[in-house]
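The values are calculated or read from the model by the stated rules, or taken from the named source; none is laboratory data. The model shown is predicted, which means the values in this text are computed figures rather than measured ones. All Cβ positions, even for glycine, are placed from backbone atoms using ideal geometry, and neighbour counts span all protein chains on display. The accessibility values were calculated without ligands, DNA or RNA, using every heavy atom of the protein model including side chains. Shrake-Rupley method; radii C 1.70, N 1.55, O 1.52, S 1.80 Å.
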Amino acid sequence: PSFYFDSAGHHVALESLKEGLAQARGLVVVTGEVGAGKTTLVRAVLGAHEPSRQVTAQICSTQLDADELLRAVVLAFGIVAEALSAAELRPALDHFVHEVQAQGREPVLIVDEAQNLRRSAFELLLSLAASGADGRAGLRVCLLGQPELRAMLETGELVHVRRQVEVSCHLGPLDR
């Protein structure tokens, strides 16, 4: 986050991200070319929050289907999963989310290079963002990706995912 440069475009995206992560529902999508500063931007926003208010996990290897992504999410949040079967992963994650929220904290999942996700993984992310105890939202999900992610979300196959996007921004190149 110390390398964040507050250009005009990045500032608009920063404010959009703050708003999106403060909401209790929906997905947040940040797109931009390689090296545009997507990950740095998200880390700058998360770094400005008090650590006592959130628990953050980041997934960087995203050529995953739903089952692989679920295991990666569980591991990224530090949930001991070696002895868990595939069927036990989701209940373990749901319990973790409930416990974090009971402490007054918000779980945030950052999925970097999201354009590489398989279609089934998007379904999983929607269910993770929608589930929650006592009507509260589940995970706050922030998808980071190259422009192909934006194009994917425009396809008919992922129209239901696009409908759940509350905040979307695109980082362009820096001007002179």
- request: Identify the residue in segment 144-169 that is more than 16 Å from residue 112 (Cβ to Cβ) and touching a Gly at 6+ places or on another chain (Cβ under 8 Å) and, among all such residues, is least open to solvent (accessible area, probe 1.4 Å).
  value: 167
- line: residue 123 vs (1) surrounded by fewer than 18 Cβ atoms within 10 Å (Cβ to Cβ); (2) free of Cβ contacts under 8 Å to residues at least 24 places away in the same chain; (3) within 21 Å of residue 71 (Cα to Cα): all pass except (2)
query: Picking from 78, 26, 47, 35, which residue would you name as being at pLDDT 85 or above and of a type in the set (Gly, Ala, Ser)?
result: 78
- prompt: Residues in segment 51-69 that are under 12 Å from residue 108 (Cβ atoms), open to solvent by 50 Å² or more (accessible area, probe 1.4 Å) and modelled with pLDDT of 85 or more: how many?
  reply: 2
query: Is there a residue in segment 88-107 that is surrounded by 18 or more Cβ atoms within 10 Å (Cβ to Cβ) and assigned to a loop (DSSP other than H, G, I, E, B)?
result: no
